[in-house]
Amino acid sequence: MTIASALRRVRDHILFDRSIGFGLEVFGLLTIRRPRLMAIFVLAFTILTAAFVPKANVDGDLLRVYAHSGHEYDAYAALSETFGTFENDIYFLVSSPKLRDPEVLERLRELAFDIELSSYAVGTLSPFSLRRPDGAGGSVPAVPEGMTTGAEVEAALSDLQQNDPMMRNLITPDLSGLVMIMFPNPEMTAHGGTKGMLEELRGIAARYQSADIQVELTGPPIWTSEMLNAAVDDQVKFTVYGFSLGALIALVALRSIWAAILVSLTPFVAVMWTMGTILMVFGSFSFLTIIVTTLVLVIAFAESMFFVFNWLNYWRDGMDPNKAVEATVRLVGPATALTMLTTLVSFASLSLTAGQGIREFSIAGTIGSFLLFLSVMTFLPLLLKTAVRLGLKMPKTPSFVLTAPLPASWFLASRFGRPIAVLAIVVTVLLLIPYTLIQPRFSFEDFVASNSSALSAAEEIDAGVGGVAPIYIRVPLLENNPDLGDADYLRVKTVHDLLEAELGENKVISAASFTHYTDAGFSRETVLDAVGPFLRNRFITPDGSQALITGFMPTIIESDVLKDLVTKIERGLYEAGVPDAEVGGFRILTTFATDNIVRSLQLDLTLSVIVNLALIGFAFQSFRVALASAIPNLFPVLGTEAWLYFSGAGLQLTTVIALTIAFGIAVDDTVHFLSHYLHGRREEGRDHVDAVRHTLLRIGGAIVATTIILCAGTAIVAFSALPQVALFGTLFVITLALAVLGDLFVLPAILMAGGKFFHPLGRIRTKLTADAPPEPDIVPARPPAE
């Protein structure tokens, strides 16, 4: 054999002498030929992955989503390493109508000391932990001890609230409440330690609750804990309800308990394989990767339904049920492989976006896509053969509900194919307008559980002292003086005043805050020593090379407002001659990084669409097939984005992910439709019109059933306590609902309108079901129009 002929054979094998699934149905064929070997593999892999499932846990670190996402994350990581931040602190909101009562005040002092003595605390900030210079080289408590009258307490607290820069952000103006802050020990809260810390702190707070004192906890660790609990609860609900709904829909569709069980067992195995493998790879789930198991569940239900539906059709046509399994593997297997590849491409495209969380989701989804395909090709054929061996009887014909829309679909496609196709094309083109106009949006509360008590407490703090969400400005110093020389003090004071002008009076703390004491004659060294080493290090580094100015803004702030604020601050820094100062913080990170990630994800979505359409064309070796699939699959995604645009929701982190993955899944029904259409043309000798009609009536019921399963399964996600996850589910349902309209009404209309354009077949030469009898014609409920 010459090199040229060898290369030609390789080329022909890649291009023509293969199935539309690129030969990946070989896993199913191997299962048919070597059932014992594949049974051993299935059993061994199931045992391996099942061993990891009991170890399932969710990492509640929201930073994992943004890790290594770009400049904003690097700046935040450097800021945290240099100064520490207020981002992981616990806030105690203490309210009392009798705050002026000396006994109540001393009770709150005891609470502050108990918080400070917590084994999880490395420091605290409260009116009782702060000290001020005493004029003799030492310091005294900022809140005097031993007060005996309400007037004394009121005078002392009012003086602190009005004059002390720290107290202004800790005591409400009407003296009805105050805020205590605990700085957790990061070493003790790592690796799940946050749960123990919160239990201890809630226990401390409970001891002081009374008719006169109300204590609420809030802060990022509380929000994260609530998010984590909501995510775990969601996962349990989604798995149980999703599995139950899928089984119920399969029962109604197939009208057989045993057929429903056969459909349902494969998703169960696919989820177990996926969960175990993700835990083996990552060690835990994140807020994003936990969604993958729900997606695997519903996609596996859909593919299992397609497989069983076709298998039952062959059996009802008179084929031996065991041979029908092989015929189904040969017919459905390539289409299932191609749908797996389109879903895999959608997941894989996300890895082009920076950010550890996005890439983990991409990898987890890619793993899940392959494993659900593998379960359909290995476990399901073994299951069906076993069921036949155990005496399974042929189930009833599918429910009329599944086939009810099909006569109408054929009537519209055959009579009005051209106007429907033109209308679909025009609408899809018009939907490109909102696609280009829609903008990213970020809102922190969308990441917090909707019933969050901690978020409510944060809103109360916002109303009381004006907010405790920090924004930082890191300022390089010139003199390297830990006690802040005059030139550096002026530099810090300039930035301090600039930030205060934007946030409001008394909403900024820094080494330049204590003018009340320096004006009274105390040196900066004395004042800085009085605040204690922990807070001192949050103002200026021990080597005097950097200073930190911290402003406090409302917890609830829109992303556009925050972006404008940062723009004004950076412009002011440049004009003030401090261009090397850097604005940062967790809210800055999440807002700007989300903006960058969302824009990148939108490009990923565009790339995913292009690659998947090209993949379909290459798989079928027909650009006509790719064109036929374009409109039915672009319309759902663009339609959903239009809904986001006109509803004002904008593009958020999970919305673009949802659209990308939904597109990959929506393509599945199109692939199965086109696969059956070309099978009818190539191997059954049907003409173009008859092949369209036969395909619609043959597998239209399966398309309806799988869409119902997908929508019902993901609709559960829309009831998540986490707004971002709920939106993910809502968009999924909208996209898939539009996709079934595209597959049942738009795709047949386009094929019929195209007429002779679609007559040429692709050049795939592999026959998949040579040993199978031709599929019998199906008489629709209403005679088709000629």
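Please treat every number below as a calculation from the coordinates, not as lab data. Computed from a predicted structure; not experimentally measured. Reconstructed Cβ throughout: ideal geometry from the backbone, glycine too, with neighbour counts over all protein chains shown.
Figures for the structure shown
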{"quantity": "Dipole of the chain [Lys/Arg +1, Asp/Glu -1 at C-beta], most positive-end residue of A121, L24, M394", "calculated": "M394"}
{"quantity": "Packing-based exposure ordering (other Cβ within 10 Å, fewest first) of F52, F92, F183", "calculated": "F52, F183, F92"}
{"quantity": "M377, M147 arranged by Cβ crowding within 10 Å, fewest neighbours leading", "calculated": "M147, M377"}
{"quantity": "Whole-angstrom gap from segment 595-659 to segment 682-707, using each part's C-alpha centre", "calculated": "26 Å"}
{"quantity": "Debye-sum result for the chain in log10 I(q)/I(0), which assumes one identical scatterer on each alpha carbon, at q = 0.08, 0.09, 0.10 Å⁻¹", "calculated": "-0.75, -0.86, -0.98"}
{"quantity": "Long-range amide H partners of G123 with built H, under 5 Å", "calculated": "F183"}
{"quantity": "Beta bridge orientation in the chain: antiparallel %, DSSP, nearest 5", "calculated": "95 percent"}
{"quantity": "For Q546, distant residues with modelled amide H under 5 Å away", "calculated": "L477, T541"}
{"quantity": "Other-chain or far-sequence residues with amide H under 5 Å of M147's (modelled H)", "calculated": "none"}
{"quantity": "Candidate aspartates and glutamates - alpha carbon under 12 Å from K507, same-chain residues fewer than 8 apart omitted", "calculated": "D164, D462, D497"}
{"quantity": "Relative packing of 364-375, 534-545, which averages over residues the other C-beta atoms within 10 Å, highest first", "calculated": "364-375, 534-545"}
{"quantity": "Separation of alpha-carbon centers, segment 479-502 and segment 263-340, rounded to whole Å", "calculated": "63 Å"}
{"quantity": "Listed residue pairs exceeding 26 Å between alpha carbons, taken from K237/K393; K323/K756; K55/K237; K493/K568; K237/K396; K195/K237", "calculated": "K237/K393; K323/K756; K237/K396"}
{"quantity": "For segment 17-140, projected area of the alpha-carbon convex hull averaged over all directions, nm²", "calculated": "18.5 nm²"}
{"quantity": "FRET efficiency, 1/(1 + (r/R0)^6) with R0 45 Å, evaluated for D690 and K563 via beta carbons", "calculated": "0.15"}
{"quantity": "For T670, T224, T339, T277, order by how many other beta-carbon atoms lie within 10 Å, fewest first", "calculated": "T277, T224, T670, T339"}
